[in-house]
Structure formats: structure tokens, C-alpha cells
Amino acid sequence: MKNVIFLAPPAAGKGTCSDILKNKYNYEHISTGAILRSEIASQSSLGNEIKSIIEKGNLVDDNLMIKLIENKLTSINKNFILDGFPRTITQAYSLDNLFKELNINNYVVIYLNIDKSLALKRTLGRMTCPKCGKSYNIYFDEFKPINDGYCDICNEELSKRSDDNEESFNNRFDTYINSTLPILKFYEEKNKVIKIDVDNNFEFLSSKLKEIVSD
Ligand code: AMP
């Protein structure tokens, strides 16, 4: 099984794709956004510091993010999914050095390509379970919860991310184009990139992902 890096604009489905792979294989799912959100929820001083950065749709400091990923990758001993890292070229270079140190070469970069208008609609309709993290979408029948507003798995009331509004989305999308997309070239030169054009065809996405990560 290959290690996975997702490269994608906001709401392209990194979380959903990670869930598909996690349900099928024994992956460690490393979502930097989820780690940062739980830091905010703990109301630590670091959490309070990053709260407004995330709500505005800006990026958290590179050094902090790199340290966080170093700690994670050096403490696990199974295949992993990087969901949300790297997001800048500085992060990509650091990750590359870390991979060299840890002798990791069996990985693929899955680039999820999505129209901005579809990504916006997904952002505005996204609801998440605060307990298990499962994501739903009230604008798409195939991603609606069975009971309006409640998680299918834990029956917990669903909540909306505070950065899932139009203003923050537009900033996150611009940040993605300016800071994250240049990473694509870096990995293309290494022959590591596979592109998936995202629509709402869940079956296609599922089988494509499983095919990509198989050795
Ligand atoms: P996500 O859940 O991946 O959409 O991430 C939510 C937010 O967390 C982003 O909009 C950023 O503000 C922050 N974030 C997540 N990952 C990173 C990263 N690798 N570098 C900087 N900021 C990040």
C-alpha cells in the first residue's frame, strides 16, 4: 500500500477520500486541519492564537506545521495519509527532507481537481459530526444524513465549521491557488502525481482511489 498525500482546494473531498481509504486499509489519517481544530477546541493558548487565522482562511505558520508533521511521522509505524499537508512550497521541501531521513519513497500525491463553483457549494452545505468527524452535505442527496442535522453513526448533532462561509472560502481558494498549487509542479517533476477530476460520483472515486494506492 502506498502512503498518500492529498493536494486539493478547499472542499474538494480530502476528508471523504481519506475516509474511503481508512475504511478499507489500515492507514494513519493525519489531517492537519482536524489537529488544528482540536487545538482550538481545547482553548489552549496556541489554539486561541490560530483560531482567527483559520477563520479568516489564512495559513498557519510553516514552522509550526512542519514541527507538527515531524512529530507525527516519527512516531507512527504504519502507512499514512497526509490530508492538508504540505500546503506551501516550504512545507513540501521540509517534507521531502523528512522523507529522505525516514527512508520513505513509496508514496503518491493525489491531486483532486474541482471547479470553484462546486467547491463553494460543497463548502456552504458541509456539516460535520463533532464526535466522529464524519462529513455530510445538505446540498447533495448522496451526502445528506439520514436524520436531518444528526450523525448517521453517533446520532450526535452535526455542526458547521466556522471557516465554511463564502468570505473565508474565497480567501482559502485564493491561498490555495497562490501558495499550494505551485507544489504540484514539484511533485510532477518527481513523477508522483495522479489527478482525479472530482464530481459527485462516489463509486468512481472509491474504485479509483483503491486502484491508485495499491502497490
Ligand atoms: P482543512 O481542514 O484542511 O481545510 O484546513 C483548515 C484550515 O487549517 C486551513 O484553511 C488553514 O487555515 C489551516 N491549515 C491546515 N493545514 C495547514 C497547513 N499544512 N499549513 C498551514 N495551515 C494549515
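What ranking do 196-208, 84-96 get when scored by the average of other Cβ atoms within 10 Å per residue, highest first?
84-96, 196-208
At 7 Å along Cα-to-Cβ for each site, give me the label-to-label distance between Asn155 and Asp141 in nm.
Going from the Asn155 label point to the Asp141 one covers 2.8 nm.
Roll a 1.4 angstrom probe over the protein heavy atoms and tell me the percent of accessible area of the stretch 107-215 that is carbon or sulfur.
Details: 2800 of 6090 Å².
After summing per-atom areas, the C and S share lands at 46 percent.
Using alpha carbon centroids, what distance separates the stretch 28-82 and the stretch 111-136, in Å?
If you average the Cα positions of each part, the centres end up 19 Å apart.
Just how much of Glu211 is accessible, in Å², when a 1.4 Å probe is used and the result is rounded to the nearest 10?
So the heavy atoms of Glu211 present about 120 Å² to solvent.
Send over a whole-number figure in Å² for the accessible area per residue of the stretch 1-82, probe 1.4 Å.
47 Å²
Can you tell me, using C-alpha contacts under 8 Å and at least 6 residues apart, the relative contact order of the chain as a whole percent? Before the final figure, lay out the partial values.
Working: 295 pairs, mean separation 69.1, N = 215.
Averaging sequence separation for qualifying contacts and normalising by length gives 32 percent for the chain.
Heavy atoms of the protein only, probe of 1.4 Å, neighbouring chains included. What is the accessible area of Lys24 in Å², nearest 10?
120 Å²
Give the long-range amide H neighbours of Glu28: residues separated by 5 or more places, or on another chain, with amide H under 5 Å away, using H modelled in the peptide plane at 1.01 Å from N.
Counting only residues 5 or more places away or on other chains, the set is Asn79, Phe80, Ile81.
To the nearest 500 deg cm²/dmol, what mean residue ellipticity at 222 nm is calculated for the chain from DSSP H runs of n ≥ 4 alone, each contributing -39,500 (n - 2.57), summed and divided by the residues?
On the way: 9 runs with 100 residues, N = 215.
-14000 deg cm²/dmol, from helical runs alone.
So what are the ³J(HN,Hα) numbers for the stretch 142-153, from phi and the Karplus equation (6.51, -1.76, 1.60; θ = phi - 60°), rounded to whole Hz, Gly and Pro as x?
Couplings: 6, 10, 7, x, 5, 9, 2, x, 10, 5, 4, 8 Hz.
Just going by the charge dipole of the stretch 25-138, with Lys and Arg at +1 and Asp and Glu at -1 on Cβ, which of Ser38, Pro86, Leu64 is farthest out on the positive end?
Projecting each Cα onto the dipole axis, the largest value belongs to Ser38.
So, R0 is 41 Å and r is the distance between the beta-carbons of Lys100 and Asn23; what FRET efficiency does that work out to, to 0.05? The partial results should precede the final answer.
Working: r = 31 Å, r/R0 = 0.76.
In this case the efficiency is close to 0.85.
Considering amide H positions built from the backbone, and no H for Pro or chain starts, which residues 5 or more places from Asp152, or on another chain, come under 5 Å of its amide H?
Correct list: Ile146.
Amide H neighbours of Lys195 under 5 Å, at least 5 residues apart or on other chains, H built in the peptide plane: list them.
Under 5 Å from the amide H of Lys195: Tyr111.
What is the spin-label model distance, in nm, from Ala41 to Leu181 if the labels are put 7 Å beyond Cα along the C-beta direction?
Here the answer is 3.3 nm between the modelled labels.
Ignoring ligands and nucleic acids, what accessible area does Lys144 show with a 1.4 Å probe (Å², nearest 10)?
Looks like 90 Å² after rounding.
Run the simple label-point estimate for Ser75 and Glu167 please: 7 Å along Cα→C-beta, distance reported in nm.
That separation, rounded to one decimal, is 3.6 nm.
The values are calculated or read from the model by the stated rules, or taken from the named source; none is laboratory data. Here the structure is a predicted model, which is why all the values come from computation and not from measurement. FYI the Cβ positions are ideal-geometry reconstructions off the backbone, even for glycines, and counts take in every protein chain you see. Side chains included, ligands, DNA and RNA excluded: accessible areas come from the protein's heavy atoms. Shrake-Rupley method; radii C 1.70, N 1.55, O 1.52, S 1.80 Å.
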